[in-house]
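See below for the structure under consideration.
Rule-based calculations on the coordinates, nothing more; no lab input. None of the values given here were measured: they were computed from a predicted structure. Glycine gets a Cβ as well: all are built from the backbone with ideal geometry, and neighbour counts include every protein chain shown.
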């Protein structure tokens with residue numbers, strides 16, 4: 001029995017189907033290879049992606065989606081560029097040979113320029129743990145160096161100065177031709193703060209005694225200031241009282257001088273008036289003699305005595321004081337006037 005032959009049209013249809021199936025299979029294979037070798041990464045804010053192809057840094061991916069098919073030798077390393085904080089406690093020695101524990105806080109972040117990220121990847125990698133291990137070493141060295149430049153009292157009283165000194169050590173190259181510690185690990189130093197300083201029990205007791213002594217000194221100083229202020233106030237009052245007394249005395253003296261001047265002027269005028277009117281002077285003498293005789297006493301007067309002055313003194317406190325005309329100079333001093341016993345009267 002002879003075999004049946006396939007019609008030519010049917011053979012062509014079968015070939016066409018086989019070609020389609022082969023093409024589909026090829027597309028599926030290529031798609032499978034592409035899917036299996038593609039690279040996809042989600043880069044968030046506060047992160048950067050380092051694109052590494054066959055061990056070489058190809059570029060830096062900004063926040064967003066990274067997608068690349070047929071990239072079997074490409075990796076995307078995610079780097080944290082957010083601000084981070086390290087707290088370190090270390091036992092150090094002060095310049096006066098005192099041991100104490102100090103706790104500090106350092107805020108930092110990675111540098112974000114592409115060259116720094118590339119160099120950082122090649123030197124220390126992208127792991128935060130690896131970065132902090134390097135940073136901790138630099139911080140401890142800076143703590144040891146800074147502590148030797150402060151006494152314990154200075155460290156306790158000037159924490160800002162201590163923090164500034166640590167900051168300087170981290171930013172300053174250790175020697176010529178070398179990079180500063182923060183530049184060696186490609187980070188920005190945001191802030192350095194001293195959190196706490198713990199001293200030994202013996203030194204703490206000394207600090208308490210010192211504080212008590214300072215309080216006593218301050219109290220004594222205030223007491224002295226109060227005493228000095230009181231003394232100054234008393235001196236001021238004494239000066240014021242002396243000024244018032246002197247002013248009053250000057251016023252009284254001026255008033256007395258003015259009264260004496262006026263009295264002298266009155267006497268001068270009266271003397272001139274009586275010298276010009278001898279009759280009135282004689283009349284005044286007689287008036288004064290009558291006032292004296294009214295007391296019932298008899299007086300014997302030396303002829304050389306100035307009767308006007310004598311009678312004026314004896315006339316009583318209510319009479320007017322009279323200055324007589326100047327008498328001629330006498331060679332002999334006037335004899336004192338003595339009162340005589342009143343003559344007996346006949347009944």
Please state the shape class of the stretch 37-80: rounded when a/c is under 1.5, otherwise prolate if a/b exceeds b/c and oblate if not, all from the C-alpha gyration tensor. oblate
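Determine the gain in length on full extension of the stretch residue 260-residue 286; use 0.36 nm per residue of separation and subtract their C-alpha separation, reporting nm with one decimal.
Contour length minus the Cα-Cα distance gives 6.6 nm.
Subtracting the Cα-Cα distance from 0.36 nm times the residue separation, let me have the gained length for residue 95 to residue 83 in nm, one decimal. Spell out each step's value before the answer.
Numbers: separation 12, 0.36 × 12 = 4.32 nm, distance 3.34 nm.
Result: 1.0 nm gained on full extension.
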Given R₀ = 30 Å, what would the calculated FRET efficiency be for residue 253 paired with residue 229, taking r from the Cβ atoms and rounding to 0.05? 0.25
Kindly list the residues of the stretch 163-192 that lie in the label zone of residue 141, defined by a backbone N under 18 Å from the point 7 Å along the Cα-to-C-beta vector. 165-189
FRET efficiency estimate (nearest 0.05) - Cβ-Cβ, residue 240 to residue 215, R0 35 angstrom: 0.40
102, 60 arranged by Cβ crowding within 10 Å, fewest neighbours leading: 60, 102
Got a sec? How would 38, 289 order by Cβ neighbour count within 10 Å, fewest to most? 38, 289
Could I have the simple spin-label model distance between residue 42 and residue 21, label points 7 Å from Cα toward Cβ, reported in nm to one decimal? 4.1 nm
Could you state the number of Å between the C-alpha centres of the stretch 217-238 and the stretch 75-151? 55 Å
Separation of the residue 202 and residue 184 label points, Cα + 7 Å toward Cβ, nm: 3.6 nm
Nearest-0.05 FRET efficiency for residue 158 and residue 133, computed from C-beta distance (R0 25 Å): 0.25
